[in-house]
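Data block below; observations after.
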Amino acid sequence: MTAHDYPEVWQRRTPRARLVQWMGWLCLVALFVWCWQVMTANTIWAFVTDAPRQAADIGSRMWPLEWGYVPELLLPLWDTINIATLGTIGGVAMAFPIAFLAARNTTPSAMILRPIALFIIVASRSINSLIWALLLVAIIGPGLLAGIVAIALRSIGFVGKLLYEAIEETDARQVEAVEATGASGLQVLSYGIIPQIMPAFWGISVFRWDINIRESTILGLVGAGGIGLKLNASINTLSWDEVAVILLLILGTVVVSEWVSAKLRRAII
Amino acid sequence: MLHLDGLSKTYATGEAALSDVTLTVPQGQIMGLIGPSGAGKSTLIRCINRLVEPSSGKVILGDVDLARLGKAELRRQRRRIGMIFQEYALVERLTVMENVLSGRLGYVPFWRSLLRKYPARDIQTAYRLLDRVGLMNRADSRADALSGGQRQRVGIARALAQEPELLLVDEPTASLDPKTSRQIMRLITEICAERGLPVIVNIHDVPLAQQFMQRIVGLRAGRIVFDGAPADLTEAALTEIYGAEDWNAMRQGDSEQAEAEADAARRLEALAK
């Protein structure tokens, strides 16, 4: 065989693998077509064809905007921001110890406490804050407190999960060096681990606050206070000009909170 | 004085990292531990302060057997052993001063360490050590703002802040350039000589070990295969430790490097004029 007698053809997959791949794509397309048929079986097409006219109608009722409604909205808006902020503080305060129990490298008992901590995190994450609010309004009555607690409970899972992952990713050599000095368990946490997770901690908290501003705007829909209450009232009375003002106000608040959170995170990291 | 008696370590994977190591380090001795990668050098020094749990054997420091201590007593005994790490292992986001003071953690209650309210004597010790390693003006810098050589000097100050009776040094120069390596080795050996502190230095650079150590122990596959003065480290002894290799070429390479360094220094001086 000469030195130049190498194959000229190279293919990533064998013919058999290619056939399997194409069959896979075919099945996916078939599944999509079938799902579409199931999905549209109960659609009343008269309403769908009517949609552009209905949208234009609501749009025209939103105009002109009812700017006189703004002063009345400022207090509920302030409530909403307070629900988000206090809820975030409460959630972070509860998530902090739970994260240390859940992280593999800091948990005091991998057999009992770690599964409990992980369960709390999963439970908190699996329930939407609107559903938390629904439950809490029934338990502690309508108002701001229900909203704050709902936001806090929902935040535990998010903050706890990201924080315990940050704890597990810390540099073990720095921790080992602190251990080697004869430091106690709490001292190892406060000198070896906490300095390493501080940027993650602040980043996660500010990010969650930003999310909570958005979530707390709808909590009023189920009676948990804030601007959502006003939104619900305006929709019920078909005052589309007021609804439009509320939506614009929420949009403005979210944009401002995103800006603040981006600034803060950049300053910390 | 440190005495190891029949120290063995077998990892959970079944790999025997140390087999029956018996060794005595007298007061004030500067001992180098050499050997190929995987010979068990790191395991040996980590078994002494039990960052790695030994499988069997005794680790006797003074009159305490460290290998059989419970958790709380081990913490108290660890204060007697300072450790300097490869790649420094400083807490990067804390200041130089906090890193040096962390050497006192075993002596102060939790609330004092949390609030950074250390006793006046500890603070004085920390400043004195920073002055000794030449970093007095960097006390409030964050550790990650320092160069490699400076970080390792903070590591030295942290270990000495413990006022240890034994110093363990794990590859102190592995990530430093040749010139800084020599400075760091000189600093460690000088300080240990000043204090009569026994020290075990884990080192893979044979010429550096011969230059600075009083005694050299060679480890191969977890067993001691050489124990003697640096001058006794002949070609035959090196072959015993590392396996066959052209040792004269390596030594020649080292002298060439030293010449090149000296040459570079002369050129820099000439440029400065």
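Loop-located GluC sites (Glu not before Pro) in region A:1-101 (DSSP state not H, G, I, E or B) with no more than 12 neighbouring Cβ atoms inside 10 Å: A:E8.
Here is the list for region A:10-101: trypsin sites (Lys or Arg not before Pro) lying in DSSP coil, each with at most 15 other C-beta atoms within 10 angstrom of its C-beta, are A:R12, A:R13. Taking amide hydrogens as placed 1.01 Å from N in the peptide plane, the amide H of B:L219 sits under 5 Å from those of B:I34, B:G35, B:V225, each at least 5 positions away in sequence or on another chain. Summary of the geometry: region A:195-269 and region B:11-37, compared by the centres of their Cα atoms, lie 60 Å apart. Helical runs (DSSP H, four residues minimum) scored at -39500 (n - 2.57) apiece and divided by the length of the protein assembly as shown put the mean residue ellipticity at 222 nm at -19500 deg cm²/dmol. Each 20 Å bin, from zero up to the one with the longest distance, holds this percent of the alpha carbon pairs of the protein assembly as shown: 16, 34, 27, 19, 4. In summary, the aspartates and glutamates within cross-link reach of B:K71, defined as a Cα separation below 17 angstrom excluding same-chain residues under 8 places away, comprise A:E176, A:E179, B:E53.
Taken over region B:98-245, the percentage of Cα pairs per 5 Å bin, counting from 0 up to the bin with the maximum distance, is 2, 8, 17, 18, 17, 13, 9, 7, 5, 2, 1, 0. Return the percentage of antiparallel bridges among DSSP beta bridges fully within the protein assembly as shown, rounded to the nearest 5 %. Percent antiparallel among DSSP bridges in the protein assembly as shown is about 55. Expressed per residue, the C-alpha convex hull volume of region B:28-176 stands at 131 Å³.
When both region B:65-85 and region A:33-57 are represented by their alpha-carbon centers, they are found 74 Å apart.
3J(HN,Hα) couplings calculated from phi for region A:100-109 with the Karplus curve 6.51 cos²θ - 1.76 cosθ + 1.60 (θ = phi - 60°) are, in sequence order, 5, 6, 8, 6, 4, 8, 10, 5, x, 9 Hz; Gly and Pro show x.
Annotation for region B:33-114: trypsin sites (Lys or Arg not before Pro) lying in DSSP loop with at most 15 further Cβ atoms inside 10 Å of their Cβ do not exist. Note on A:K263: aspartates and glutamates with a C-alpha under 18 Å away, same-chain residues under 8 apart excluded, are A:D210. For region B:93-163, the extents of the C-alpha atoms along the principal axes are 32, 22, 17 Å, listed from largest to smallest.
A 1.4 Å probe run over the protein assembly as shown, with the rest of the protein chains in place, finds 52 Å² accessible per residue. Taking amide H positions as modeled 1.01 Å from N, with prolines and chain starts lacking one, the residues under 5 Å from B:L2 and 5 or more places away or on another chain are B:V25. Between amide H atoms placed 1.01 Å from N, distances below 5 Å from B:M83 occur with B:L168, all of them 5 or more places distant or on a separate chain. The mean sequence separation of alpha-carbon pairs under 8 Å and at least six residues apart, normalised by the residue count of chain B, gives a relative contact order of 26 percent. Per-residue Karplus couplings for region A:42-51, computed as 6.51 cos²θ - 1.76 cosθ + 1.60 with θ equal to phi - 60°, are listed in order as 9, 6, 8, 5, 4, 5, 5, 5, 6, 3 Hz, Gly and Pro entered as x.
The Cα-based radius of gyration and maximum Cα-Cα distance (Dmax) for region A:72-268 are 19.5, 69 Å. For chain B, DSSP calls about 55 percent of its internal beta bridges antiparallel. Over region A:113-269, Cα pairs under 8 Å with separation of 6+ residues give a relative contact order of 24 percent. Take every pair of alpha-carbon atoms less than 8 Å apart whose residues are at least six positions apart; their mean separation over the length of region B:135-273 yields a relative contact order of 15 percent.
The values are calculated or read from the model by the stated rules, or taken from the named source; none is laboratory data. What you see is a predicted model; the values in this text were computed from it and never measured. With ideal geometry, Cβ positions are generated from the backbone for all residues, glycine too; neighbour counts draw on all protein chains shown. In case anyone asks, the SASA skips ligands and DNA or RNA and just uses the protein heavy atoms, side chains included. Shrake-Rupley method; radii C 1.70, N 1.55, O 1.52, S 1.80 Å.
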